[in-house]
Protein chains: 2
Amino acid sequence: MAQPPEQPRTVTLTSVAAAAGVSRQTVSNVLNAPDRVRAATREKVEAVIRELGYRPNRLARSLRTRASRMLGYCVQPRGDGNVVLDRFLHAVTESAAERGYHVLLFSAPPGDAGLPAYADLLAQQTVDGFVLSDTFMGDPRQEWLAERDVPFAAFGRSWSEPEHGGWVDVDGAAGTRDAVDHLHEQGHRRIGFIGWRPGSGVGDDRRAGWERACAAHGLGPQPSAAAENNEVRDGAAAARRLLDLPEPPTALVCVSDMIAIGCLGVLAERGLRPGRDVAVVGFDDLPAAALPGIDLTTLSQPLGEIGREVVGLVLDQLGDRAPAPGRPPHRVLRPSLVVRASSTPFPRSQEARNP
Amino acid sequence: MAQPPEQPRTVTLTSVAAAAGVSRQTVSNVLNAPDRVRAATREKVEAVIRELGYRPNRLARSLRTRASRMLGYCVQPRGDGNVVLDRFLHAVTESAAERGYHVLLFSAPPGDAGLPAYADLLAQQTVDGFVLSDTFMGDPRQEWLAERDVPFAAFGRSWSEPEHGGWVDVDGAAGTRDAVDHLHEQGHRRIGFIGWRPGSGVGDDRRAGWERACAAHGLGPQPSAAAENNEVRDGAAAARRLLDLPEPPTALVCVSDMIAIGCLGVLAERGLRPGRDVAVVGFDDLPAAALPGIDLTTLSQPLGEIGREVVGLVLDQLGDRAPAPGRPPHRVLRPSLVVRASSTPFPRSQEARNP
């Protein structure tokens, strides 16, 4: 009679405890609260962990009866959705599907108030890991998940030290630098910036690229304004402030397409032609940016690639390959400048439409 | 000692078999292949089913060890997403969360090729039911799911008879009728329509409302054109055909916002002012419709309400209340006309922006 195939040997908390001659609680303490364990015991347990190749981030999984093959993804409640994140979600769903995983959507508020929703999904063993988006400075989720050895990866940094968990993000500074280079090449020498108030990691990064590129071109101090929120009307208000300066900028680099579209509205009000009289560049490449009547030069985020990379980072933690020790893995992808009529002296797309 | 609360009595295939004194297979045959069962046996089993109140659509669920409390939702692969459906998905996720359910996203191609993805989720007992969108004429999913007694409901009709399963949809004809009424009130008497080619249920419905409203106003035959696909360039091509007629329309009712935005591009090319020279009305109220530079009058779909209703229809089938016998439940919701500058002689929103 044939023997059943041997099961691959799994190193569990229990086998570490048995090999070290201590209780499971002691092993758990060594991992999670080492100051509670006497030095001699800690060293003994750590030696066994190394010897057996026990990986603490398998803790949560070894307690499970089965893998769910599902990744949790939180959508913010009461929102009409964020078009960029919806496109990211499509990319995540597809990449997960290619690797045999589904995406579980749930709804939770941002910040600490959202953590119970994550805890519930873990307690019910509904998901194997999480994909995060909508990350912000001081976001509590990364540390909370890392403390619990839950596999996850984020679209977006936490912009905090120490970093917890892997992430994939777009190089905002490289994007706005490309925008300034493009505008400088078109002859602009007064290039303003419209951002958000300081303190948002994404906004500060995009602002830094504009600032450094202007300095690199020797343009001297350039004007900037902060939009209250990321709405068209906030972009319009900020654009009016810059255009009302004694020496107004001839080009505006904007922190987002929504802000840039607000600028275009102000140009229309004042009879100024986008591209010819004042150039405008956005960031995000929303579907609306390509529409006639908008035709906005902008920086496109490689959302398909970002989705694949983020899913890959989570699944690496679920697979057999242990993640490399040390700093959590991350990848910064470069956005690409899409030039449209709003930053070129001749309305290119108009000509293309009407040959 | 207190007694544990009594479990609600569940009528299962097994209890029907026991009460009827037959095997489980025989009960299953009565339900699924009645011609294999002798008439006398069939009548006896059917009497027990009625007496015990056994509901065949519980068959799939009674075989499960536990309910997953998850609803499956398919997103089309290789798409950047459809903004309308993404907003619907947010509404579904929230309504499901309020009732203790999560949404499982999966990726499958349209038509018969997508059915194996549904079958897999059922075989693995991953979901309790499905929410469908992206329905089309001849969509095989509704009948396939209904045959298997799988709880589901759809955003959108199948536009086929007989109907399978519940659905919620928007009254497209009422929407385009409102558009014509609004344009007639503004003084327009040549009101054209740009639709899709005949055969799409949604497009035909929206066209019918325009046609009937023009007749009701005694306008006589009005010009129309079909856009090849739902892209801006297709709308532009159709608009050129109508505007090149010897007696061109002074107003255009469009089957979608994308088509309407294509019309706006053609007006800009020709130096015609939207609202003043030619009025344009879209359908969908995409986020872009409200932007300066577009400012499109359109019909807004109540996506929050649609999401709640669709989730309600699925959960009714999972709850204790059996769905009423007869025609599957459905609800048709009325879209609301949002009037912007593209259909009014004075640019309202411009004035509002710049008081």
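Among the numbered conditions (1) on the phi < 0 side of the Ramachandran plot; (2) in contact (Cβ under 8 Å) with a residue 12 or more places away in the chain; (3) not hydroxyl-bearing (Ser, Thr, Tyr), the only one that residue B:246 does not meet is (2).
Look through the range B:175-202, keep the residues that are among the charged types (D, E, K, R) and over 21 Å from residue B:240 (Cα atoms), and return whichever of them is surrounded by the fewest Cβ atoms within 10 Å (Cβ to Cβ). The extreme case among them is B:185. For beta carbons closer than 9 Å, sequence separation of 6+ or different chains, a first residue in the range B:79-108 that is more than 7 Å from chain A (Cβ to nearest Cβ) and a second that is in a strand (DSSP E or B) and among the hydroxyl-bearing types (Ser, Thr, Tyr), the qualifying pairs are B:89/B:73; B:92/B:73; B:96/A:107; B:98/A:107.
The set of residues in the range A:203-221 being under 22 Å from the mean Cα position of the chain (by Cα) and surrounded by fewer than 16 Cβ atoms within 10 Å (Cβ to Cβ) consists of A:208 alone.
Could you please find all residues in the range B:62-111 being among the β-branched types (Val, Ile, Thr), closer than 23 Å to residue A:99 by Cα and modelled with pLDDT of 90 or more? Full working, then the answer.
To start, the set of residues in the range B:62-111 that are among the β-branched types (Val, Ile, Thr) comprises B:65, B:75, B:83-84, B:92-93, B:103.
Checking which are closer than 23 Å to residue A:99 by Cα leaves us with B:75, B:103.
If the condition is that a residue be among the β-branched types (Val, Ile, Thr), closer than 23 Å to residue A:99 by Cα and modelled with pLDDT of 90 or more, then B:103 is the only one that fits.
Among the residues of the range B:170-203, those that are without any contact (Cβ under 8 Å) to a residue 60 or more places away in the chain and in a helix (DSSP H, G or I) comprise B:173, B:177, B:181, B:184, B:185, B:202, B:203.
Checking each residue in the range B:289-315 for being of a type in the set (Gly, Ala, Ser), surrounded by 20 or more Cβ atoms within 10 Å (Cβ to Cβ) and either more than 9 Å from chain A (Cβ to nearest Cβ) or touching a residue at least 40 places away in the same chain (Cβ under 8 Å) (or both) picks out B:289, B:307.
Of all the residues that make up the range A:258-305, how many are among the acidic types (Asp, Glu), assigned to a loop (DSSP other than H, G, I, E, B) and within 24 Å of residue B:285 (Cα to Cα)? Let's see the steps before the verdict.
Just the residues of the range A:258-305 that are among the acidic types (Asp, Glu), to begin with: A:269, A:277, A:284-285, A:295, A:305.
Remaining after also requiring assigned to a loop (DSSP other than H, G, I, E, B): A:277, A:285, A:295.
Filter once more, so that each one left must be within 24 Å of residue B:285 (Cα to Cα): A:285, A:295.
Total meeting the criteria: 2.
In the range B:222-251, the qualifying residues are those that are away from chain A (no Cβ under 13 Å) and closer than 22 Å to residue B:84 by Cα, and the one that is surrounded by the most Cβ atoms within 10 Å (Cβ to Cβ) is B:227. Residue count for the range B:9-27 satisfying the condition of being part of a helix (DSSP H, G or I) and at pLDDT below 75: 1.
Scoring residue B:206 on the criteria (1) outside any helix (DSSP H, G or I); (2) of a type outside the set (Gly, Ala, Ser); (3) touching a helix residue (DSSP H, G or I) at 6+ places or on another chain (Cβ under 7 Å); (4) in contact (Cβ under 8 Å) with a residue 60 or more places away in the chain leaves a single failure, condition (1). Summed over the range A:209-245, the residues that are modelled with pLDDT under 95 and either of a type in the set (S, T, N, Q) or assigned to a strand (DSSP E or B) (or both) give a count of 2. The residue that is farthest from the other protein chains (Cβ to nearest Cβ), among those in the range B:122-141 that are surrounded by fewer than 21 Cβ atoms within 10 Å (Cβ to Cβ) and modelled with pLDDT of 90 or more, is B:140. Take the conditions (1) more than 30 Å from residue A:154 (Cβ to Cβ); (2) within 14 Å of another protein chain (Cβ to nearest Cβ); (3) surrounded by 15 or more Cβ atoms within 10 Å (Cβ to Cβ); (4) among the small types (Gly, Ala, Ser); residue A:271 misses just one of them, which is (3).
The values are calculated or read from the model by the stated rules, or taken from the named source; none is laboratory data. Just so it is clear, the model here is predicted, and its values are computed rather than measured. Here Cβ is always computed from backbone atoms with ideal geometry, including for glycine, and neighbour counts include all displayed protein chains.
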